[in-house]
1. Which members of the range 55-80 meet the condition of being part of a helix (DSSP H, G or I) and either surrounded by 14 or more Cβ atoms within 10 Å (Cβ to Cβ) or under 21 Å from the mean Cα position of the chain (by Cα) (or both)?
2. What about residue 139, is it exposed (fewer than 14 other Cβ atoms within 10 Å of the Cβ), touching a residue at least 24 places away in the same chain (Cβ under 8 Å) and in contact with a helix residue (DSSP H, G or I) (Cβ under 8 Å, 6 or more places away or on another chain)?
3. Test residue 24 against the stated conditions and say whether it is under 18 Å from the mean Cα position of the chain (by Cα) and in a loop (DSSP other than H, G, I, E, B).
4. From the list 130, 178, 125, pick out the single residue that is in a helix (DSSP H, G or I), within 16 Å of the chain's Cα centre (by Cα) and surrounded by fewer than 19 Cβ atoms within 10 Å (Cβ to Cβ).
5. Going by the structure shown, is residue 111 surrounded by fewer than 17 Cβ atoms within 10 Å (Cβ to Cβ), over 25 Å from residue 189 (Cβ atoms) and at pLDDT below 95?
6. Among the residues of the range 36-45, is any in a helix (DSSP H, G or I), touching a helix residue (DSSP H, G or I) at 6+ places or on another chain (Cβ under 7 Å) and on the phi < 0 side of the Ramachandran plot?
7. Which ones in the range 4-19 are over 20 Å from residue 86 (Cβ atoms) and modelled with pLDDT of 90 or more?
8. Return the residue satisfying two criteria in turn: it lies in the range 83-102 and is without any contact (Cβ under 8 Å) to a residue 12 or more places away in the chain and either in contact with a helix residue (DSSP H, G or I) (Cβ under 8 Å, 6 or more places away or on another chain) or in a helix (DSSP H, G or I) (or both), and of such residues it is surrounded by the most Cβ atoms within 10 Å (Cβ to Cβ).
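The values are calculated or read from the model by the stated rules, or taken from the named source; none is laboratory data. Please read these numbers as outputs of a predicted model, since none were measured by experiment. Every residue, glycine as well, gets a Cβ built from its backbone with ideal geometry; the counts of neighbours run over all protein chains shown.
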């Protein structure tokens, strides 16, 4: 467990969407390990109840949750009101919720496509917009968008909208950095490759995942540690020094425009040292 006092944030919270499994859950574990209180969101209330109890007892942090569906246009406001009513100061926003559509594009009802766009795109924009003013006031905010290497890959015969939406999210993350970094707010788009989670089964593409060579797969736990080390939570320094141990992973952060896209091939460890950005 981290013991440096910088990690023990008594009055601040990290909000994580899609926190009931996979990458979101592992990020929750790692933020709690770093001393952060948490607000967890997902659709499965039973999972949120058990996870909140587990994390609170293990890491001795405050954990609350709200069960909600981000395909509902009103949900981002409901999440904000939930935090605001309880005086939770959200300084870390992890936009992780996502899923895939099983059916081919031409067979998928437009209503399902719209829900998909809301969860992976519109809700990310809404949550960022609604929590941004308080981050601006405190001049401290960390935003992470869990994107995908699909944002850089050739178009897929399945999941026709998945890659394009993730590309959009990468550019949105760029925009947040460009406009708000001078106020102490940064945004990173984390672009995982083949990560072993429930996502592929739930999205109906487990067969495709099974055909991926094992050396290209990595765990959500490793990904979560790497992502937080690369995007240090609570650090006021614009210098990132990180070691990433992952396969087929890309970190895309406009906070460092010289490093537009970084691919980390397995099984190597790459250390990234970036110069400080100083406004003159």
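1. Taking the range 55-80 and keeping what is part of a helix (DSSP H, G or I), we get 55-59, 75-80.
Passing the criteria: 55, 56, 59, 75, 76, 77, 78, 79, 80.
2. Working: exposed (fewer than 14 other Cβ atoms within 10 Å of the Cβ): yes; touching a residue at least 24 places away in the same chain (Cβ under 8 Å): yes; in contact with a helix residue (DSSP H, G or I) (Cβ under 8 Å, 6 or more places away or on another chain): yes.
Taking the combined requirement at face value, the residue satisfies it.
3. On the way: under 18 Å from the mean Cα position of the chain (by Cα): yes; in a loop (DSSP other than H, G, I, E, B): no.
For residue 24, the condition - under 18 Å from the mean Cα position of the chain (by Cα) and in a loop (DSSP other than H, G, I, E, B) - is not met.
4. That would be 125, the only listed residue that is in a helix (DSSP H, G or I), within 16 Å of the chain's Cα centre (by Cα) and surrounded by fewer than 19 Cβ atoms within 10 Å (Cβ to Cβ).
5. Numbers: surrounded by fewer than 17 Cβ atoms within 10 Å (Cβ to Cβ): yes; over 25 Å from residue 189 (Cβ atoms): yes; at pLDDT below 95: no.
Taking the combined requirement at face value, the residue does not satisfy it.
6. Within the range 36-45, not a single residue is in a helix (DSSP H, G or I), touching a helix residue (DSSP H, G or I) at 6+ places or on another chain (Cβ under 7 Å) and on the phi < 0 side of the Ramachandran plot.
7. Correct list: 18 only.
8. Keep residues of the range 83-102 that are without any contact (Cβ under 8 Å) to a residue 12 or more places away in the chain, which gives 84-85, 87.
When the remaining residues are screened for being either in contact with a helix residue (DSSP H, G or I) (Cβ under 8 Å, 6 or more places away or on another chain) or in a helix (DSSP H, G or I) (or both), the result is 84-85.
On the way: 84: 14, 85: 8.
Per the criteria, the residue is 84.
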